[in-house]
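**Q** Questions regarding the structure given below will be posed in turn.
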Amino acid sequence: METLLQDIRFGFRQLMKQPGFAALAIVSMALGIGANTSIFSLVDTALLRPLAVKEPSQLVELYGTLHNGADWSLQSYPNYKEYRDRNTVLSGLFVYRVVVSSLTVNNSSQRVWGYLVSGNYFDVLGVKPMLGRAFLPEEDQTPDSHPVAVISYNCWQRRFGGDPAIVGKTVEVNSRPFTIIGVAPKGFIGTEVAYDPEMFVPVMMANTIEPGSRWLDKRDSNDLFTVGRLKPGVSFAQAKAALETLAAKLAQDYPENVGRGIRLGKPGLFIPEIANSVFAFTGVLAAVGALVLLLACVNLASLLLARATDRRREIAVRLAIGATRRRLVRQLLTESLLISLGGGAAGIFLAAAINSAVRGTLAERHYFALRSAHRLARSHLRAAALDRDGNSFQSRSGAAIIEAAARARVERGIVDGWLPSLAFAQLPRCRASQPLVGPSRQRRSNCAQSASRPEDASRVQSGKRGRDFVRRQLARL
């Protein structure tokens, strides 16, 4: 341990002697690690991390199709009830709609984003509130009769200070009193991977949350995202075939449904067009991230090799006065790891800053993307626009990603540390087993033998001069 501390102290001193090199190396690694951590945080958020619900792989989203499949749409509430009550392949089916409303707490009004949801939303997802309860069946029957709400964990912490007695309290939503009946569990962000709702309100309260809305009774409206859970043993293909048959029956029963069909997908990315764009965008990001990391590694390796060339005389002197190659390699590895740890720490801070900036940027892009989707779907998807302040977009740098970045940085530091060690492997080793003062004949013989090789003569001569200098200094003591 004492030797390790000596190596660390000496490594710091060596880096401080060349602050320009140290700063350039750390900045190179910070850019590579920061950019990659941020990129893969986005990829993890959008593609890899499943929804925080029970068995997310069993969830399917039901889009409608228009003009005999030429276009797509969301679902209407009357059609949702038909699919919910008449299907034979789903154990549960719910709807939700992204909305924005005014929340008044302690005489302070704030804009909050949330969901209008059917009463079985939490039950189908298999999510139980950490405080209070979810919605009751009767709270999803009559319009504007049950002003109740479930708030998210983040909303509970940020807007109510984590008040343990929050259940049963009354707040104003769009100037109407609502009773908070529950708090969603920590980590639950609903059914969209990049959207963090703060409040869940029964869909029957649509007229309060969106004054003037009349879509609850219109069968030809396209206003609700619809998600179901497959029954045990039912495959995606079986569910698709059964629901297509049901859609054909609805077209026969209701004139508004003529030309409408059904299209199944995976929930989590709002609409199909956004999902396809995200897949393409994250693929490009991953490629760019790999290129940035490769360039950072090459740049760092070049810096270390250039520095190793400048230190050949120093290493030759240290070998000449008795240092072992093992000790030198360990010292070089220690210095490389110090640079790597510094670059890794700076990279993680950079990734946090990038993610913070990306929240606002992507939120704005989602806003305009969903406005385009509104025109495409002929619906009110503008309500699904993400918060322009960036509060609703969630890009999470999980502990696993940070841990992987740190591990990769340490491994890279070990590899980088070996490069100068290999460069010094051919230096002559003039080391004696006896004390430095009064060198033995064997050591002089070894040095002479090394000097007999033309390619090593200059190196040995350099080592002798260094050894003589050290000997003169010791003689003065």
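**Q** Quickly run through region 136-163 and pick out the residues that are part of a helix (DSSP H, G or I), of a type outside the set (A, V, I, L, M, F, W, C) and either more than 26 Å from the chain's Cα centre (by Cα) or closer than 13 Å to Val201 by Cα (or both).
**A** Those that are part of a helix (DSSP H, G or I), of a type outside the set (A, V, I, L, M, F, W, C) and either more than 26 Å from the chain's Cα centre (by Cα) or closer than 13 Å to Val201 by Cα (or both): Pro137, Glu138, Glu139, Asp140.
**Q** Could I ask something else about it? Please count how many residues of region 208-236 are in a helix (DSSP H, G or I) and among the hydrophobic types (A, V, I, L, M, F, W, C).
**A** Within region 208-236, residues that are in a helix (DSSP H, G or I) and among the hydrophobic types (A, V, I, L, M, F, W, C) number 4.
**Q** Here's a follow-up. For the subset of region 239-261 comprising residues that are at negative phi and not in a helix (DSSP H, G or I), which member is surrounded by the most Cβ atoms within 10 Å (Cβ to Cβ)?
**A** Residue satisfying both the conditions and the ranking: Arg260.
**Q** Also, I was wondering about something else. Within the group Leu304, Leu328, which residue is in a helix (DSSP H, G or I), within 15 Å of Asp7 (Cα to Cα) and either touching a residue at least 40 places away in the same chain (Cβ under 8 Å) or not assigned by TED's automatic domain parsing to the domain that holds Leu15 (or both)?
**A** Leu328
**Q** Filter region 170-209 for residues that are under 21 Å from Asp123 (Cβ atoms) and basic (Lys, Arg) and give the result.
**A** Selection gives Lys186 alone.
**Q** Look through Val95, Val43, Val53 and report the one residue that is touching a Ser or Thr at 6+ places or on another chain (Cβ under 8 Å), of a type in the set (A, V, I, L, M, F, W, C) and closer than 30 Å to Val288 by Cβ.
**A** So the residue among Val95, Val43, Val53 that is touching a Ser or Thr at 6+ places or on another chain (Cβ under 8 Å), of a type in the set (A, V, I, L, M, F, W, C) and closer than 30 Å to Val288 by Cβ is Val43.
**Q** Among the candidates Ala206, Ala194, Ala165, which residue alone is closer than 24 Å to Lys54 by Cβ and either surrounded by fewer than 22 Cβ atoms within 10 Å (Cβ to Cβ) or touching a residue at least 12 places away in the same chain (Cβ under 8 Å) (or both)?
**A** Values: Ala206 fails: closer than 24 Å to Lys54 by Cβ; Ala165 fails: closer than 24 Å to Lys54 by Cβ.
Result: Ala194 is the single residue among Ala206, Ala194, Ala165 that is closer than 24 Å to Lys54 by Cβ and either surrounded by fewer than 22 Cβ atoms within 10 Å (Cβ to Cβ) or touching a residue at least 12 places away in the same chain (Cβ under 8 Å) (or both).
**Q** Test Gly32 against the stated conditions and say whether it is among the small types (Gly, Ala, Ser), surrounded by 18 or more Cβ atoms within 10 Å (Cβ to Cβ), in a helix (DSSP H, G or I) and out of contact with any strand residue (DSSP E or B) (no Cβ under 6 Å at 6 or more places or on another chain).
**A** Yes.
**Q** Considering only region 189-207, I want to know if a residue exists there that is among the charged types (D, E, K, R) and assigned to a helix (DSSP H, G or I).
**A** Checking region 189-207: not a single residue is among the charged types (D, E, K, R) and assigned to a helix (DSSP H, G or I).
**Q** With respect to Ala346, determine if the residue is among the hydrophobic types (A, V, I, L, M, F, W, C) and more than 23 Å from Pro19 (Cα to Cα).
**A** Judged against the criteria, Ala346 is not a match.
**Q** Just a yes or no: is a residue in region 126-149 of a type in the set (A, V, I, L, M), surrounded by 14 or more Cβ atoms within 10 Å (Cβ to Cβ) and under 29 Å from Arg263 (Cα atoms)?
**A** If we filter region 126-149 for residues that are of a type in the set (A, V, I, L, M), which is where we start, we get 127, 130-131, 134, 136, 148-149.
Subsequent filtering for residues that are surrounded by 14 or more Cβ atoms within 10 Å (Cβ to Cβ) retains 127, 131, 134, 148-149.
From what is left, the residues that are under 29 Å from Arg263 (Cα atoms) are 127.
Yes, region 126-149 contains a residue that is of a type in the set (A, V, I, L, M), surrounded by 14 or more Cβ atoms within 10 Å (Cβ to Cβ) and under 29 Å from Arg263 (Cα atoms).
**Q** Can I ask one more? Among Val43, Val60, Val124, Val89, which is within 18 Å of Ala194 (Cα to Cα), in contact with a strand residue (DSSP E or B) (Cβ under 9 Å, 6 or more places away or on another chain) and either at pLDDT below 80 or outside the structural domain of Thr282 (by TED's automatic domain parsing) (or both)?
**A** Val60
**Q** For region 92-110, how many residues are surrounded by fewer than 15 Cβ atoms within 10 Å (Cβ to Cβ) and either at pLDDT 90 or above or in contact with a Lys or Arg (Cβ under 9 Å, 6 or more places away or on another chain) (or both)?
**A** Going through region 92-110, the residues surrounded by fewer than 15 Cβ atoms within 10 Å (Cβ to Cβ) turn out to be 102, 105-110.
Among the residues that remain, those that are also either at pLDDT 90 or above or in contact with a Lys or Arg (Cβ under 9 Å, 6 or more places away or on another chain) (or both) are: 102, 105, 110.
The total comes to 3.
**Q** Another one. Is it true that Arg159 is surrounded by fewer than 17 Cβ atoms within 10 Å (Cβ to Cβ) and of a type outside the set (Ser, Thr, Tyr)?
**A** no
The values are calculated or read from the model by the stated rules, or taken from the named source; none is laboratory data. Because the structure is a prediction, the values reported are computed rather than measured. Please note: Cβ atoms are built from the backbone with ideal geometry, for glycine as well, and neighbour counts cover all protein chains shown.
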